[in-house]
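Read the figures in this text as sums done on the coordinates, not as results from a lab. Computed from a predicted structure; not experimentally measured. With ideal geometry, Cβ positions are generated from the backbone for all residues, glycine too; neighbour counts draw on all protein chains shown.
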Amino acid sequence: MDWRELDSATCSIARTMTVLGEPWTVLVLRDVLNGVRRFDELVDHLGIARNVLTRRLGTLVEAGLVETREYREPGRRARREYRPTPTGRDLRPVLLALMAFGDRHSAGEAGPPAIAVHECGAPVAVQEVCSDGHVLTPTDRIRMEPGPGARRRSA
């Protein structure tokens, strides 16, 4: 079956982009994954409007990518902080791939602004690997084949 014959609404990328496609959402998730967990810290670090952050966090919570936990500071009312769920952490390779692309194509003369480093101390490299363990190169050809959830495009 040709790719153009498939219903693009069932595409996993399209489904993911319904959550991540809004402006700021990926950056909010990036910060939460990197330990910026409190609302005011997110506002300050991102320079985002409070109402926009509220909506983006709501989307991430509703999608199951981020969860809230209550915390209290002495003499203050209870507040929430935001933590990535296991599902949200599954997006880390996507964010690392976006970062690698940006580092390669738009980092500037000074170089990348941040480097992802594994706990062993080595930089993290994003690689495409087939299920047989072959590391793909940019010139390797891949094809998309219909999966079990594919649907034919309606005319």
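The computed mean projected area of the Cα convex hull in nm² for the structure shown corresponds, within (i) 8.6; (ii) 14.0; (iii) 9.7, to (ii). Report, in deg cm²/dmol and to the nearest 500, the calculated mean residue ellipticity at 222 nm for the chain, where each DSSP H run with n ≥ 4 adds -39500 (n - 2.57) and the sum is divided by the residue count. Only helices count here, giving -11000 deg cm²/dmol. Shown here for the stretch 67-126: GluC sites (Glu not before Pro) in loop regions (DSSP other than H, G, I, E, B) with at most 10 other Cβ atoms within 10 Å, namely Glu109, Glu119. The charge dipole of the chain, taken about its Cα centre with unit charges on the Cβ of Lys, Arg, Asp and Glu (plus for the first two, minus for the last two), comes to roughly 660 debye.
Candidates Ala155, Phe101, Ala125 compared by Cα position along the dipole of the chain: farthest toward the positive end lies Ala155, with charges placed on Cβ. Short-range pairs are left out: with C-alpha atoms under 8 Å and at least six residues apart, the relative contact order of the chain is 28 percent.
Take the Cα of Thr16, step 7 Å along the line toward its Cβ, and report every residue of the stretch 102-117 whose backbone nitrogen sits under 15 Å from that point. So the set is empty, nothing qualifies. Measuring nothing but how far apart in sequence close Cα pairs (under 8 Å, 6+ apart) lie, relative to its length, the stretch 3-88 scores a relative contact order of 26 percent.
Sorting 127-134, 83-90 by their mean Cβ neighbour count within 10 Å, with the most densely packed peptide first, gives 83-90, 127-134. With the simple spin-label model, which puts each label point 7 Å out from Cα in the Cβ direction, the Arg50 to Asp2 separation comes to 5.5 nm.
Using Cβ point charges alone (K and R +1, D and E -1), the dipole size of the stretch 3-88 about the Cα centre works out to roughly 340 debye.
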